[in-house]
Structure formats: C-alpha cells, structure tokens
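J.: Mind having a look at this structure? Questions to follow.
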Amino acid sequence: MTRRAPLPLIMVFLAGPVAVATPAVAAPGGALPLGPAGLEEVRTTRTLQPGVTLTRIVRGHADPSAVWTVEVAIPAGAGSPDPDAPPAAISSEGDARATAGRLLAAGLDPRVEQVETPPLADFSGVLGWRVRVGTTATKPEADALRQRVIAAGFAGSTVYTGWDGEPDDVGSSTGPWHVDVLTIDPRGFHGRLDATYGPDLEQRETTSRLAALEGADAAVNAGFFVLDPAAGAPGDPAGAGAYDGRLVSEPVAGRPALVLRDDARRTSIKRLRWRGEVAGLALDGLNRVPGLIRNCGGTGDAPTDLPLHDVTCTDPDELIAFDGSYGTSTPSGPGAEVVLDRGGRVIDIRPVRGTTVPAGGRTVQGTGAKADALLAAAHRGRRLIVRASLVDEDGRPVPTPRPVSIVNGGPELVRDGRVHATPAADGMIHPGEPSFAYGWVHKRNPRTFVGVDAKGRTVLVTADGRSTSSVGLGIAETAAVARSLGLRDAMNLDGGGSTTMVAGGAVINVPSDASGERPVGDALVVCGAYRPNIAR
C-alpha cells in the first residue's frame, strides 16, 4: 500500500475557561473539561490519509498536591452481611474505622476517607469509605510503608492520589492528561473503516498485530473480550460482534454497541438484543464455550440475566451455534454436537462436544437438557437452518449486510449531544460490591472510547493512564471529554491495559500493562485505498 507522507504538524495552544460543572454545554473543539480553567493545553494535528486526522492533546502538568499513599484492604466486620467476604478497598464507615483503629494500635497513622462518585445518568452518591496510610513524595517510600501495613496483618496497595478523580478533585487536579483523537470524515475518506478479530475468535492478538494484518494506517483496541480461560475462550468477544456483515457473537442484553460501515458513513451506537434459533429451539449464544456467559446478560443464567461486567454467569443447559470464525476446533466436553454442511444438512451427530467446523458449514452444541433436545431434532440428512438476528432497544431489526461491522462496549457516554453515562444499566455497578465501581467507574484509568459527531465523523479516542505522566479518566470525566470533542453519541470501549492506539505501523500511546501492549479480542482499523480484508 502506498502511504501518504504526513503533513506538517499544526500547533494549537488552548487556555480558555472551561465549565467543568456543566460539561454538556462545553463547546465542541474547545479545551478539554479537565482541571481548572486556564490550564495549559497543547494540540498537535496531522493528516494520516485523506479524510483522516490524528490529534494529540496534552493538558496540564504534574499536580503538586498529588502524593503516593497506601490504600488498605478493609476486612468485613462482624456486623457485615458476609463477615467472611474478602477484604475490600471500599466498605462501610464502621468497618473502615475499625480497621483504622487496628492500624493505629500497630503504630501507623491511618485516615478514613468518604468516597463520593461524580453524578452520572443512573448512578451517584457515596460509594463508601476507604482507609489510607501515609503520604509520600515517591513510590518507593510508599512501597516501604506498605510493607509495614502488611506486617500489621493487612493487605494494601500503593496508589497515586492523582488517580482518584473525586468530585472536588476534578476541577482542581492539574493532571497531566495525554489524549489521542483519530477522526474519520466520510466526506473526504476513501479508505476502509472496519473491525477485525484476526485469524479466529478464540485467540488474542495485539492491536498493532491486527493493524498489520489489515495493512491499516491506524487502529485502536475495541470491545470487551474473554481473558481468563476459566471464563471461556480467551479472545472471544464478551458481547456483540459482527464483522463484514457476519454476526459471530451475541450481545449482552441491552448493552450499547458500535455499528459502523466500511465507508465510515452512518456510524451509530445502538443498544442491542438478539434472537437465535435452530430447528425451533432457541439458541443461547454464538461461538462461545457453552455454560459460560462473560459479562452475563443472557437468558436463564446464574446469578443474573442482567449485564454484570467482568462476571462470568453460568447455565448448564445451553444451545450454542458455531461457524468457521471460532477457530480450528469447537470446545470439547460433555453434551452433544451436530455438524451441518454448507447447505445446513446434518452430516454428523456426535455424543460429545468438540470437532472441526466444515468449510462453509456450522456446528451446534448442546449441554444438559438442551443436548437431549438437540439430539431429538437432528437426523442425518435433515436440513437445520441456524438463524440469528439483532434488534435495537425499540425492537426494530438491525440488519448486518456485508459492509457493516459491530463491536461491543459500555457504558454509554453521550446520547443526542448530552452527557449520558450509564454504568448501572450496563453492569459496571455491582450490587453490594462498591469496590468494583470504585475501581472501574470512579477512579481514573486508561480509556478507549468511540463516537460520532454532528457532521457524521467517526471519532476514536484513547486516554493514557495509571502513570504520573498521564493520570487517566474516570467514567464521568470520559463522558465530559467525549462531549467536549463534539460527539453527538459516544460509548466506552475496553480500556485499562487494553487501551492502545496505532498509527503508521507503531503504537503511539503508552499501554499501562507492565508487560507492554496487551493482546486483545478485536480492533477498529482505518485502512487506506479500499481492498479486501486479509484476515477476519
């Protein structure tokens, strides 16, 4: 592929007033609504190809008030509903003060702090209380203090207070923040905007590897995926997934998903559900390990049918359809599996699970009671048609012709031009477990998000985090930044150690995993002159 030489950098300095308290009315293209008004901000923009620009935004500086400290894991007290629960970062005030008392008796100087999360569309208020010990200028000093906490019989972690993101900190923290913004304007774009999972669903590849396979000029990591083999097949999308018009992964019930066309026109964000069946039997899923539902949101599953992020729900009785996208062989185990040829005719009936998918064909696996139902419906030579389709939150069909790809995400960030962050609806608020929301929603982390602006431009954004050189974003801040960039609709993608942006064949941000760039489930890629996909 012939690559265009980048245009000279355009330097823009912004230091205007920002209304942090009302991010919904922040001017598109104005300074980011992070930190105090007048905080220094520098933007550099270059063109990657016609219709595609990359802008780096560096805002703020090291916060002189930020320090290192030790955050203590709080054991559940005798009055807890579950006194045997593992220690938590956030707990009740009583348990927090009891922990502080024991630390004080051990010769340490603890403090108990109330944690209140910034208001969101469906969640706000006091999360609980945390216990911290000490303030130090450097991480090694805090690490040494942590050893004293451990010696006193407690677990704890070394944290930087610049990562906190409390409501009273949002308007005063000076960061810094490093944000990269990739904008695809369909009016001048002649390439291909696509989603790819690489050679197969059940393996992970880095974002840079997925970009290289596609010959992409730029890419970002995309949706949530299975990471732990105990939760399914690593790399398998943990939510909706459609690539070149082929639906290969079912949605988490009602969660948002990005729907895009390869010409970058009519990009949208929709809350999706699905319907699937074979031989009159309802399907439970597509191309995943039966019985394991990552992020929940299925039907008849335990502990819930609602979305529950980073939780693997279970169901002993499932019917799962596979095609060639899954991998070299389907998951093995007890149950039954029916093999279908290209025309949908039964060519093999197996009393256990695990086989290869014939070229152009499918298999259907059943477990528990649904294995018996599958065997009763399958006869050699009989035609069994697998049907799967998507609907939006209003029940309207969401077609997936070949130019369309879909990736999962959540929570929603912006709707109809207004901040609309929905972590509770999308399963990031765990009932009775405030520590999860504290770490995932409240605290600053690396983030990747996507949206579309009023001009129909698709915008892909990464924000580095978990370092002192870029503190990251809480979900409330992420939504405010999305709106300030002029996005009409936006949603969060996978973040944390997955957050990666590639341009010109190189990773341009700083992934936060100690091991470097993380292998992911799928990526959004921006390619040059239109050409067929190398790998899906």
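The values are calculated or read from the model by the stated rules, or taken from the named source; none is laboratory data. Quick caveat: nothing in here was measured; it's all calculated off a predicted structure. All Cβ positions, glycine included, derive from the backbone under ideal geometry; neighbour counts span all protein chains shown. Side chains included, ligands, DNA and RNA excluded: accessible areas come from the protein's heavy atoms. Shrake-Rupley method; radii C 1.70, N 1.55, O 1.52, S 1.80 Å.
J.: Here is a check on your reading of the model: is ARG187 open to solvent by 60 Å² or more (accessible area, probe 1.4 Å) and touching a Ser or Thr at 6+ places or on another chain (Cβ under 8 Å)? Quick ask: steps written out before the conclusion?
T.: Numbers: open to solvent by 60 Å² or more (accessible area, probe 1.4 Å): yes; touching a Ser or Thr at 6+ places or on another chain (Cβ under 8 Å): no.
Here the answer is no, as ARG187 does not meet what is asked.
J.: How many of the residues in segment 92-147 are under 18 Å from ASP164 (Cα atoms), among the polar types (S, T, N, Q) and crowded, with 19+ Cβ neighbours inside 10 Å?
T.: Total meeting the criteria: 1.
J.: Failed condition for ALA238, given (1) within 21 Å of THR196 (Cα to Cα); (2) open to solvent by 10 Å² or more (accessible area, probe 1.4 Å), with all others met?
T.: With (1) within 21 Å of THR196 (Cα to Cα); (2) open to solvent by 10 Å² or more (accessible area, probe 1.4 Å) applied to ALA238, the lone miss is (2).
J.: Would you point out which residue out of VAL352, VAL404, VAL346, VAL338 is surrounded by fewer than 16 Cβ atoms within 10 Å (Cβ to Cβ) and modelled with pLDDT of 95 or more? Steps first, please.
T.: Numbers: VAL404 fails: surrounded by fewer than 16 Cβ atoms within 10 Å (Cβ to Cβ); VAL346 fails: surrounded by fewer than 16 Cβ atoms within 10 Å (Cβ to Cβ); VAL338 fails: surrounded by fewer than 16 Cβ atoms within 10 Å (Cβ to Cβ).
Step by step, each of VAL352, VAL404, VAL346, VAL338 is checked, and only VAL352 is surrounded by fewer than 16 Cβ atoms within 10 Å (Cβ to Cβ) and modelled with pLDDT of 95 or more.
For (1) assigned to a helix (DSSP H, G or I); (2) at positive phi; (3) modelled with pLDDT of 95 or more; (4) open to solvent by less than 10 Å² (accessible area, probe 1.4 Å), each residue gets a yes or a no:
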position	(1), (2), (3), (4)
SER470	no, no, yes, yes
ALA479	yes, no, yes, yes
ALA482	yes, no, yes, yes
ARG488	no, no, yes, no
VAL526	no, no, yes, yes
TYR530	no, no, no, no
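J.: So, one more: Name the residue that is most open to solvent (accessible area, probe 1.4 Å), counting only residues in segment 277-313 that are of a type in the set (S, T, N, Q) and in a loop (DSSP other than H, G, I, E, B).
T.: Taking the candidates together, the pick is THR299.
J.: Filter segment 131-149 for residues that are hydrophobic (A, V, I, L, M, F, W, C) and outside any helix (DSSP H, G or I) and give the result.
T.: VAL131, VAL133, ALA137
J.: So, one more: Does ALA437 satisfy being buried (at least 16 other Cβ atoms within 10 Å of the Cβ), in contact (Cβ under 8 Å) with a residue 24 or more places away in the chain and not in a strand (DSSP E or B)?
T.: Answer is yes for this residue.
J.: Let me ask you something else. Which number in (1) over 15 Å from SER498 (Cβ atoms); (2) among the aliphatic types (A, V, I, L, M); (3) under 14 Å from the mean Cα position of the chain (by Cα) marks the one condition that ALA480 misses?
T.: (3)
J.: Please tell me if GLY153 is in a loop (DSSP other than H, G, I, E, B), within 19 Å of ALA89 (Cα to Cα) and not aliphatic (A, V, I, L, M).
T.: For GLY153, the condition - in a loop (DSSP other than H, G, I, E, B), within 19 Å of ALA89 (Cα to Cα) and not aliphatic (A, V, I, L, M) - is met.
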